[in-house]
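This report refers to the structure that appears directly beneath it.
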Ligand SMILES: C[S@@+](CC[C@H](N)C(=O)[O-])C[C@H]1O[C@@H](n2cnc3c(N)ncnc32)[C@H](O)[C@@H]1O
């Protein structure tokens, strides 16, 4: 590693939904502090990313690894990054990037051109593409781009026509999707766009080889706050039987499948007639109230798995999420269970996060 401070990857670069920078910064600052890191976040509202800078130009590799992507809530992507390159010559954006890469000593297998998920970011889409071939060729020539390089990827994160942040991602601790976004196609016959939230949650929390085991056609689920049926639609597509709890109307074609029992009851007082395989819930209510209801279901053994959303209209979203996750852990422990709990701000989530709980 070079002695030049500008050539040390002493930052963690994290992408998020625009508007959630403060929440992501609060989460990372808290978790980095718990790990004993000496650093600070830089977050500007509406930009769709934050930087966490380690003091004294310490390399960020170890901390980024300890902040396991799977355990984080608000980031869409996490990268070890060099300080940004600014005021680049628009006629030659490749030379400064190549100089940095060469001096850093890192090698990689793939080059990703990234942009923030903002309108300003979208305007930069063509920029990365236009230099991709030349950059690949120059990187290959100096040995930085190789067939085998520990599955590391190089990321160029463009924030302006003359500004880029060079970063590296590591296998098992990154999103494999461009810009950290998993796009899903809206199924034309689903009753609401919300359907994509549950589908993305399954992709995020359930490994592909587990789908046939955990999302099986012989299963029974409850969908609390089900109408018009976007989440129920996903369960029905997997062949499950569903208790759909909501005062509102369910999509008629969904009811015609014969797999759905629609009960116009209050989700806070309804109890399942037998133990269920899945509980899902997308009600708009105070997050702590929803978390307590989920806790009650798990404590009572009414379900072994749950996926639910916590709506976050408040300012301090990270603190609220932390509070709700503490509540859940408490409920599960009180019942003498061990649980696997994950929480993620999904691409299809807006002012909400999605939680997955599995009793193990
Ligand atoms: C955001 S919508 C659910 C959308 C649904 N997940 C979908 O994909 O179509 C929230 C639903 O929760 C229902 N709801 C709110 N409070 C409820 C309660 N206490 N009991 C049952 N349903 C409730 C509302 O009637 C509303 O239909």
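The values are calculated or read from the model by the stated rules, or taken from the named source; none is laboratory data. Only a predicted model underlies this, so the values are computations on that prediction, with no experimental measurement involved. Note that we place each Cβ from the backbone using ideal geometry, even for glycine, and neighbour counts take in every protein chain shown.
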Residue within region 223-230 that is in the same structural domain as residue 307 (by TED's automatic domain parsing) and more than 10 Å from the ligand (Cβ to nearest atom) present: no
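So that you can scan it fast, the table gives a plain yes or no per residue for (1) touching a residue at least 60 places away in the same chain (Cβ under 8 Å); (2) surrounded by 13 or more Cβ atoms within 10 Å (Cβ to Cβ):
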position: 8; (1), (2): yes, yes
position: 20; (1), (2): yes, yes
position: 27; (1), (2): yes, yes
position: 41; (1), (2): no, yes
position: 46; (1), (2): yes, no
position: 49; (1), (2): yes, yes
position: 52; (1), (2): no, yes
position: 58; (1), (2): no, yes
Candidates 239, 258, 248, filtered to the one that is within 23 Å of residue 196 (Cβ to Cβ), in a loop (DSSP other than H, G, I, E, B) and more than 13 Å from the ligand (Cβ to nearest atom): 239
All positions within region 284-319 that are over 19 Å from the mean Cα position of the chain (by Cα) and within 20 Å of residue 247 (Cα to Cα): 284, 285, 286, 289, 290, 293, 294
Count - residues of region 215-236 that are part of a loop (DSSP other than H, G, I, E, B) and either under 28 Å from the mean Cα position of the chain (by Cα) or buried (at least 17 other Cβ atoms within 10 Å of the Cβ) (or both): 9
Selection from region 132-173 of residues that are in a loop (DSSP other than H, G, I, E, B) and touching a helix residue (DSSP H, G or I) at 6+ places or on another chain (Cβ under 6 Å): 142, 144, 173
Cβ pairs under 6 Å, 6+ apart, first in region 236-250 and assigned by TED's automatic domain parsing to the domain that holds residue 278, second in a loop (DSSP other than H, G, I, E, B) and more than 12 Å from the ligand (Cβ to nearest atom): 236/257; 236/259; 238/215; 239/217; 240/219; 241/259
Residue satisfying all of: in region 176-203; surrounded by 17 or more Cβ atoms within 10 Å (Cβ to Cβ) and away from the ligand (no atom under 16 Å from the Cβ); nearest to residue 121 (Cα to Cα) among these: 179
Residue within region 45-65 that is in contact with a strand residue (DSSP E or B) (Cβ under 8 Å, 6 or more places away or on another chain) and at positive phi present: yes
Residue match in region 101-114 (condition: surrounded by 21 or more Cβ atoms within 10 Å (Cβ to Cβ) and closer than 21 Å to residue 46 by Cα): yes
Scan of region 220-239 for residues that are in contact with a strand residue (DSSP E or B) (Cβ under 9 Å, 6 or more places away or on another chain) and on the phi > 0 side of the Ramachandran plot, ordered by number: 225, 229
